[in-house]
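Colleague: I'd like to ask you about the structure that follows.
The values are calculated or read from the model by the stated rules, or taken from the named source; none is laboratory data. All values reported here derive from a predicted model rather than from experimental measurement. With ideal geometry, Cβ positions are generated from the backbone for all residues, glycine too; neighbour counts draw on all protein chains shown. Surface areas here come from the heavy atoms of the whole protein model, side chains and all, with no ligands, DNA or RNA. Shrake-Rupley method; radii C 1.70, N 1.55, O 1.52, S 1.80 Å.
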Amino acid sequence: DPGAWVLAAALFSWQLPHFMALAWMCQDDYARGGFRMLPKFDPTGSRTAAVALRHCALLLPLGAVAVALHVTSPWFAGEAALLAAAMGAGALAFRANPTAASARKLFRGSLLYLPLLLAALAVHRQPNSHTVTWQDVRQEAHTAAARAAALLPEQLQPGRVWQQLQELQGGLHLPKLRPVEERYGLVLQQLQGMKCPSRAYGDSVGEQGACSGSAGAAEQPASAGAAAVDEAASAGQ
């Protein structure tokens, strides 16, 4: 699509003035981080500014190219040229006086350039003249898949792999799956003897209480008999 190429060219050339200004302002930080940027090897800043200025110049005819490719209306050519000239003026000022202040102005100009350019591109774009249906998309997908499959060896061709699986299916010993009703019944059978934690705890406490009660009842007659023996012994004395 011609519009995609116009947008790619705009983003490619825009990033150089934007990043050269940023790299000049933060060259010490990049050096401490281990990144070898152009400004670190360009003490005068002439090469850094030249890169930024060159790509600003490349952005000047971008609008005319978009009009020639029927991507936008003629208004976009003038607007894109004005935006590129404004950012190029910042690059010229940076080349004349490569300081942090001039680099910051170029950096801020690049931040304004891109959204304004994209807004103008959206406003002045020409409507698409081609139509794409889902049938076309499916046909292209099938064609791409066929081309990708043709690049595979013969042993890995999709049809060959499926044929091999069909041949091996007879020798595969797969576990027999039980019907859903039978599996559900087995699950219920396993759950019948299970108790929830709270009920199991209550039953265990009840059993302990019953055991302690019976033990107390057994101890009571024993103590009563011992008392009777003591009384008989004292009476005999």
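Colleague: If you take the residues of the range 97-112 that are assigned to a helix (DSSP H, G or I) and either open to solvent by 90 Å² or more (accessible area, probe 1.4 Å) or not hydrophobic (A, V, I, L, M, F, W, C) (or both), which of them is farthest from Met25 (Cα to Cα)?
Modeller: This residue is Leu112.
Colleague: Might you let me know whether the range 120-134 holds any residue that is within 30 Å of Ala23 (Cα to Cα) and at pLDDT 90 or above?
Modeller: The answer is yes; a qualifying residue exists.
Colleague: Every residue in the range 29-83 that is among the hydroxyl-bearing types (Ser, Thr, Tyr) and in a helix (DSSP H, G or I), please.
Modeller: Once the filter is applied, which keeps residues that are among the hydroxyl-bearing types (Ser, Thr, Tyr) and in a helix (DSSP H, G or I), the range 29-83 yields Tyr30, Ser46, Thr48.
Colleague: While we're on this one: Return the pairs, sorted by first residue and then second, in which the second residue is part of a helix (DSSP H, G or I) and at pLDDT below 75, the first residue lies in the range 138-156 and is open to solvent by 100 Å² or more (accessible area, probe 1.4 Å), the beta carbons are less than 7 Å apart, and the residues are 6+ apart or on different chains.
Modeller: Glu154/Arg160
Colleague: Another question, then. What about Pro115, is it without any contact (Cβ under 8 Å) to a residue 24 or more places away in the chain and not in a helix (DSSP H, G or I)?
Modeller: no
Colleague: In the range 26-83, which residues are of a type in the set (S, T, N, Q) and exposed (fewer than 13 other Cβ atoms within 10 Å of the Cβ)?
Modeller: Passing the criteria: Thr44, Ser46.
Colleague: Is there a residue in the range 2-21 that is open to solvent by 60 Å² or more (accessible area, probe 1.4 Å) and modelled with pLDDT under 85?
Modeller: No, every residue in the range 2-21 fails to be open to solvent by 60 Å² or more (accessible area, probe 1.4 Å) and modelled with pLDDT under 85.
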